Amino acid sequence: MDKFKDIDIYIEEYGQKLIDFLPSLVGAIVLLILGLWAIKLINRVIKKFFNKKDYDPTLEKFIASLISWGLNILLFVLVVTQLGVESASLVAIIGAAGLAIGLALQGSLANFAGGVLILLLKPFKVGHFIKAQGVEGTVKEISIFNTKLTTFGNQLAIIPNGKLSNDSIINYTEEGIRREALTFGISYDSNIKEAKDILLNLVLEQPTVLQIEDKMPMVVVTELADSSVNLSVRYWAKNEDFWDIRFYTLEEGKKRLEAAGIEIPFPQRDVHHYNLEHQNKN
């Protein structure tokens, strides 16, 4: 009989606690339902906002996902607090967990931060030809943690965004036009003025070479080298015409200089041989 009496006491005690807890439980469920509805509504508003703006698609997805995660975490804290858990203790636990995760993922977080900076500041875009971290290539994809380049040889280069955002980047596409400086070496016996005229006329006759007021082609002497006088052929061209002009000018320039009798010397070195044995006999 005493056992049944104890059971009745437990049922009465915990039944009363359950009744007292029901308002908090119902309130938490209502809060959860309303919170999920509100988050869904906010996500729709954010999506409509991005549709009206010309932001990078990767940045849009990242910001929308970040906001969604933040709202869900906030809702979780409110629901658990409604159930009677102290918010200060819960925040401390979440903070400690975040710190531990941050220490374990330092490299990934650096790449994450670098990806955010790249997407916000936009030093380059998909389709741009850049040079970074010793790699040259066309930007294929920009993600949160790394950037993918397609190199000239059609290899895929993956560069961590942490290093990419903290080092120098050369963007060959952004300005739309590029300046080239091709070097031709002629012998010291050659006529410099004649060689300059030949190379300048070669550049000027190409219609895709830009000829505007402050970007006119020119040929200048840049160095009196050991075995040659170096001439620099400088001109501007649009990105899409740049390589065709370069390849043609190099080949045709050599042909025309040789046709005019202007020698293009190869590197030379004078070597003096001393016969020490013969000197010793004398």
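Observations, loosely collected:
- Extension gain for the segment Arg246 to Ile169, taken as residue separation times 0.36 nm less the Cα-Cα distance, is 25.4 nm to one decimal.
- Separation in nanometres of the label points that stand 7 Å from Cα toward Cβ, at Ala113 and Asn51: 3.6 nm
- Taking 0.36 nm per residue of separation and subtracting the current Cα-Cα distance, fully stretching the chain between Ala181 and Val30 would add 47.2 nm.
Bear in mind these aren't lab numbers, they're just calculated from the coordinates by the rules spelled out. Predicted model, so just to flag it, every value in this text is computed and none were measured. As a convention, Cβ positions derive from the backbone with ideal geometry for all residues, glycine included, and neighbour counts pool all protein chains shown.
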